[in-house]
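Derivation of every value follows stated rules applied to the coordinates shown; laboratory data play no part. For clarity, every value in this text was computed on a predicted model and none was experimentally measured. A quick note on method: Cβ atoms are made from the backbone with ideal geometry, for glycine too, and the neighbour counts reach across all protein chains shown.
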Amino acid sequence: MTIANEEAGLAVAHWIRARAICLVVLIAGCIIAIPSFAYGQGSSVQAPNAAKDSAVSRQNAASTLPTDDSGGAIVEPLQKQKRPQRPDFNREIFYRHKLEYSLDVGWLPINVPFPFDVFEGDPYDLYPLRYTLVPVLASVRWHLGDLWGPPVLRGNWDLTCSLGYTAIPRGAETRYFSYNMGLRRNFVPRNWRVIPYFDVRAGLGLINAKGPLGVYYAQGQDFTFNLNMGSGVRYSFGPRYAISMGLNWMHISNGNLSAPKYSNYGINVYGPIIGIDIQMRRHRHQPE
């Protein structure tokens, strides 16, 4: 009787355990399936709207493309946009009819033969008498045009009229008064403040000649001609002020007007020169 009761109890325990396991598995399955089912329902509801929006977007994009004669879309390559160029501030500095006042001072101690002696048949030699000239030139510069030309030669011309006093600390004479005119070429790249230049000037003057007093290799008469050639750079602080520095060659002679009574030896020297430029009329350039 006791054994039968134990067997019946074990059977009931096994039955309860099996049913509990099945219930746990069922509950776990429901927990996993419910979120998946809800996500699937949401996706099934939104999918038609997303597909519809995508189709509309493709249709709108297609309608904005240019088409050829057959109705097909033409796809144009993307063009690289160019960066806008900065305005050239030098157009406010170098322009037509600009007037400037300039003051230049030079120190010309290096004596050289006259470069054109070879064309006159004279020997290309230095004379025993050496000179040092210190020219002081007060000038008016008139810009003849706006900036123009290819990039390498871009620039403008200015007409220069100068009154000069030249001290002569070394040589037979002591002073020289002159007037000369010439042209300067300014080479002006875009937005450069350092501007190269080249100029040529010619004129006439009066020197206290010592040749008639018996000084050998001195100048033969007071009235003379002069020729200047120079090159250098100019730095612009703005439309109104600028400074310059360079090398200048200066020639003084009477063109053989004193011959044959007195020989014409002439003076040929070169050296550094510096200057300042000031705009005379304060107004902005209006581009044409």
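Being in contact (Cβ under 8 Å) with a residue 40 or more places away in the chain and out of contact with any strand residue (DSSP E or B) (no Cβ under 8 Å at 6 or more places or on another chain) is the filter here, so list the residues in region 210-236 that pass it.
Hits for region 210-236 are G211, P212, V215, Y216, Y217, A218, G220, Q221.
Return the residue satisfying two criteria in turn: it lies in region 242-273 and is within 25 Å of R170 (Cβ to Cβ) and within 23 Å of the chain's Cα centre (by Cα), and of such residues it is surrounded by the most Cβ atoms within 10 Å (Cβ to Cβ).
G246
Identify the residue in region 150-172 that is small (G, A, S) and closer than 12 Å to P135 by Cβ and, among all such residues, is nearest to the chain's Cα centre (by Cα).
Filtering first and then ranking leaves S162.
Of all residues in region 192-241, how many are crowded, with 17+ Cβ neighbours inside 10 Å, touching a Phe, Trp or Tyr at 6+ places or on another chain (Cβ under 7 Å) and of a type in the set (V, I, T)?
Within region 192-241, residues that are crowded, with 17+ Cβ neighbours inside 10 Å, touching a Phe, Trp or Tyr at 6+ places or on another chain (Cβ under 7 Å) and of a type in the set (V, I, T) number 2.
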